[in-house]
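Novice: Below is a structure I'd like to ask you about.
The values are calculated or read from the model by the stated rules, or taken from the named source; none is laboratory data. Not measured: the values here are computed from a predicted model. Positions of Cβ are generated from backbone atoms using ideal geometry, with glycine treated the same way; all protein chains shown enter the neighbour counts.
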Amino acid sequence: MTLPKAFGDFSAVAQQYLLRPRYSPTLMSHLINDVQREYPEALFADIGAGTGAIAWTLVENGLSGFAVEPDSEMIRAGQRSDEGSASLEWLKGTGEGTGLPDESIDWVLYGSSFHWTDFRGAISETLRILRPGGFITILYLLTDLEHDPIHIEIENIIRATAPGLRRARAPVMALIPSLEPALIECQGLEPPIQLRSSQKIPMTAELYYNYWRTSHDIPSQLGQADWEDLLAKIRDTYLRRSPESIRFQTLAWHSRKR
């Protein structure tokens, strides 16, 4: 098992990302319907696309667009999964520099990636590439640490095993309370609406184990032996509890260009 070299290094976990849970189908359907009322054949840009979890959901619903991602290994993993689809084009870029033409996109999405950007730079780039009246949606898929007993127990195991770790969730949770007020202050955007959807996802022990193997934060701070030991504890906890499903939450902030 190759470990991430640093916090935020996704190259080593790109292949495992293909099996991560997808965003809430209920919430995604609501968003797609809202956008398609205005743009039936909306052209999208999924920014910070990873391996394309959001992009493929949109393609499966008849849309076409671009997956913009800065990590080359994530792009390669996403491209290998597309089977030559003509509806999705992969681009190497960032939230502050997508490489897309001015006013060329109907819908910009950030899936669990907006906290990696410079807020002003990303919003400026979004407004540049969006057509007038185009949509922007910022989404996060999070483990439900309020209601899911397995997630809660495993987080306690992590804190007890390796206290003081820098966690990937921390900057996301710091962003969430300030995101809506910050978007409201953007003169080029309409006030956003916020959506939330909880879902129970059936997962085998292997899929749940794979979910944790996609972590970049913990293994980049632990040695190989300590990370493998922690993964074993996670798998043992899952097998002992043997749940029918695991709870996740999808959060979204949805707005339009004025």
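Novice: For region 1-69, please list each of the helices (runs of 4 or more DSSP H) lying entirely inside it that holds at least 2 residues being in contact (Cβ under 8 Å) with a residue 60 or more places away in the chain, closer than 25 Å to residue 246 by Cβ and among the polar types (S, T, N, Q).
Specialist: In region 1-69, 14-17 are the helices (runs of 4 or more DSSP H) which contain 2 or more residues that are in contact (Cβ under 8 Å) with a residue 60 or more places away in the chain, closer than 25 Å to residue 246 by Cβ and among the polar types (S, T, N, Q).
Novice: What residue, among those in region 4-25 that are closer than 10 Å to residue 220 by Cα and surrounded by fewer than 19 Cβ atoms within 10 Å (Cβ to Cβ), is modelled with the lowest pLDDT?
Specialist: 5
Novice: Just to be sure, is residue 127 in a helix (DSSP H, G or I), buried (at least 16 other Cβ atoms within 10 Å of the Cβ) and over 19 Å from the mean Cα position of the chain (by Cα)?
Specialist: Here the answer is yes, as residue 127 does meet what is asked.
Novice: Out of all the residues in region 75-105, which are under 19 Å from residue 58 (Cβ atoms), in a loop (DSSP other than H, G, I, E, B) and either out of contact with any Leu (no Cβ under 9 Å at 6 or more places or on another chain) or modelled with pLDDT of 95 or more (or both)?
Specialist: Within region 75-105, 83, 84, 85, 86, 93, 95, 98, 100, 104 qualify.
Novice: Can you pull out the residues in region 70-94 that are small (Gly, Ala, Ser), more than 14 Å from residue 54 (Cβ to Cβ) and in contact (Cβ under 8 Å) with a residue 24 or more places away in the chain?
Specialist: 72, 77, 85, 93
Novice: Next question, about the same structure. Being in contact with a Ser or Thr (Cβ under 8 Å, 6 or more places away or on another chain) and small (Gly, Ala, Ser) is the filter; apply it to region 87-103 and report the residue that is surrounded by the fewest Cβ atoms within 10 Å (Cβ to Cβ).
Specialist: Of all residues in region 87-103, those in contact with a Ser or Thr (Cβ under 8 Å, 6 or more places away or on another chain) come to 87-88, 91-92, 94-96.
When the remaining residues are screened for being small (Gly, Ala, Ser), the result is 87, 95.
Details: 87: 14, 95: 23.
Ranking the candidates gives 87 first.
Novice: Is it true that some residue in region 199-211 is part of a loop (DSSP other than H, G, I, E, B) and either surrounded by fewer than 12 Cβ atoms within 10 Å (Cβ to Cβ) or without any contact (Cβ under 8 Å) to a residue 24 or more places away in the chain (or both)?
Specialist: Yes; the residues of region 199-211 include at least one that is part of a loop (DSSP other than H, G, I, E, B) and either surrounded by fewer than 12 Cβ atoms within 10 Å (Cβ to Cβ) or without any contact (Cβ under 8 Å) to a residue 24 or more places away in the chain (or both).
Novice: So which pairs qualify, if the first residue must be in region 233-258 and over 21 Å from residue 176 (Cα atoms), the second must be aromatic (Phe, Trp, Tyr) and buried (at least 18 other Cβ atoms within 10 Å of the Cβ), the Cβ gap must be under 7 Å, and the two must be at least 6 apart or on different chains?
Specialist: Every condition considered, the pairs that remain are 234/212; 238/208; 246/208.
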